[in-house]
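One structure is given below, encoded as structure tokens.
Each value in this text was obtained by applying a stated rule to the coordinates, not by laboratory testing. No experiment lies behind these values; they were computed from the predicted model shown. A quick note on method: Cβ atoms are made from the backbone with ideal geometry, for glycine too, and the neighbour counts reach across all protein chains shown.
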Amino acid sequence: MTLKILDPTYQPAISAQGMAARPETLTGKRIGLLSNDKLNAEALLDAIHEVLSDTFELGAPVRLNRGNASAPAPTEMLEGIAKEIDVALLGNGD
């Protein structure tokens, strides 16, 4: 029997390859709130939007619920919301 020891202090490298550029500021930006349909996901996203609104003047949020926590959001849904928003927040609830 082989015993494998894992170091919980390991810091993984995070690749920025393929990631969208971050905006300089959220002022004037329209935020998309994409929920996974789990309990409290929408409330969590709304709370985050409210906190961000205390610091930045945001446009009205665009709320979407992908309706299935076990599957990725449909491509058409993501393409549609991408045309309406500047920044997306995704939330899992429970």
Loop-resident GluC sites (Glu not before Pro) in segment 1-93 with no more than 15 other Cβ atoms inside 10 Å, DSSP not H/G/I/E/B, are 24, 57, 84
For the chain, which trypsin sites (Lys or Arg not before Pro) are both in a DSSP coil and crowded by at most 11 other Cβ atoms within 10 Å?
4, 83
Measuring from label point to label point, each 7 Å out along Cα→Cβ, what is the residue 63 to residue 38 span in nm?
1.9
For the chain, longest principal axis from Cα atoms; helix 41-55 axis from its Cα atoms; angle between them, nearest 10 degrees, is 70
Convex hull volume per residue in cubic angstrom - Cα atoms of the chain
184
Computed, not fitted: 222 nm per-residue ellipticity of the chain from DSSP H runs ≥ 4 (each -39500 (n - 2.57)), nearest 500, equal to -7500 deg cm²/dmol
